[in-house]
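Here's the structure, in structure tokens; my notes come after.
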Amino acid sequence: MNAPLPLDSWFLTGPTAGGKTDVGIELAGLIGAEVLSLDSMALYRGMDVGTAKPTLDERRRVPHHLIDVIEPHEEYSLAQYVEAAGRCAAAIKGRGRQALFVGGTPLYLKALLRGIFRGPPADPQFRRACEEEARQHGSWVLHRRLAEVDPVAAGRLHLNDTRRLIRALEVHRQTGRPISELQKQFDTGRLAGQCRVFVLDWPRGELCARIDRRVQRMFAAGLVEEVRGLLAADRPLSK
């Protein structure tokens, strides 16, 4: 488990279409910050409209980091993100600026505040075998197998969450212990006063209306064409 990010970073999070980008830019100006993306999809190049990335004009107003890092077909682990975020935050603070994380990926936020469980390395052969089994018989087979060795983890994971089901089985296979016993970092919280975490939230009706408007803007901005371009690249998209 890695050390959490330093306490003097700032975090702005909340649901999709909640206005995080606009508020983040204004907040960055007030506190003298550079923005680090807290969005797992903004990492991918060419996925601009569908991920509602900050515009080029917005990025000129305030420096943004951890955007357009990899190609759509490339994998990018949580550990890689945490390490890159730590390096970026240190560089920003070295310039005498504040590090402001903006985005809505809860797993990234948890990992930055509380660290991550690194666990044993991946076993590609085991993963391929599990993926093939899920394709032939359904991912519920993996869920049933996990329930036999780690009922706590199985209770947390959806039947169709194949990727995490396989990882939980992989950890048990390599360590002989349930991942639910090893993955404890999220159970230990910090006092609220120690965390500069702010959440933008809206009443459900208003949020749904904002999401509807965003989707309409995405189609008008060329969402369909963007997806067609990604598919025409003839490369498998990252899962």
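The values are calculated or read from the model by the stated rules, or taken from the named source; none is laboratory data. A quick note: this is a predicted structure, and the numbers were derived from the prediction, not measured. Glycine gets a Cβ as well: all are built from the backbone with ideal geometry, and neighbour counts include every protein chain shown. Side chains are part of the model used for accessible areas, which takes the heavy atoms of the whole protein and leaves out ligands, DNA and RNA. Shrake-Rupley method; radii C 1.70, N 1.55, O 1.52, S 1.80 Å.
Numbers for the structure displayed
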item: Residue check for ILE67: assigned to a loop (DSSP other than H, G, I, E, B), touching a Lys or Arg at 6+ places or on another chain (Cβ under 8 Å), closer than 11 Å to VAL102 by Cβ and not small (Gly, Ala, Ser); result: yes
item: Number of the exception - PRO72 against (1) in contact with a helix residue (DSSP H, G or I) (Cβ under 9 Å, 6 or more places away or on another chain); (2) crowded, with 18+ Cβ neighbours inside 10 Å; (3) in a loop (DSSP other than H, G, I, E, B); result: (2)
item: Filter result (surrounded by 13 or more Cβ atoms within 10 Å (Cβ to Cβ), of a type outside the set (A, V, I, L, M), under 13 Å from the mean Cα position of the chain (by Cα) and more than 18 Å from ARG167 (Cα to Cα)) within region 101-137; result: PHE101, GLY103, GLY104, THR105, LYS110
item: Subset of region 82-95 [open to solvent by less than 60 Å² (accessible area, probe 1.4 Å) and among the small types (Gly, Ala, Ser)]; result: ALA84, ALA85, GLY86, ALA89, ALA91
item: Residue within region 2-12 that is of a type in the set (Gly, Ala, Ser) and open to solvent by 60 Å² or more (accessible area, probe 1.4 Å) present; result: yes
item: Elements of type helices (runs of 4 or more DSSP H) contained in region 122-206, each with 2 or more residues being among the hydroxyl-bearing types (Ser, Thr, Tyr) and at pLDDT 90 or above; result: 162-175
item: Test set (1) within 19 Å of GLY14 (Cα to Cα); (2) of a type in the set (Gly, Ala, Ser); (3) not in a strand (DSSP E or B) - ALA99 fails condition number; result: (3)
item: GLN98 among the polar types (S, T, N, Q), in contact (Cβ under 8 Å) with a residue 60 or more places away in the chain and open to solvent by 40 Å² or more (accessible area, probe 1.4 Å); result: yes
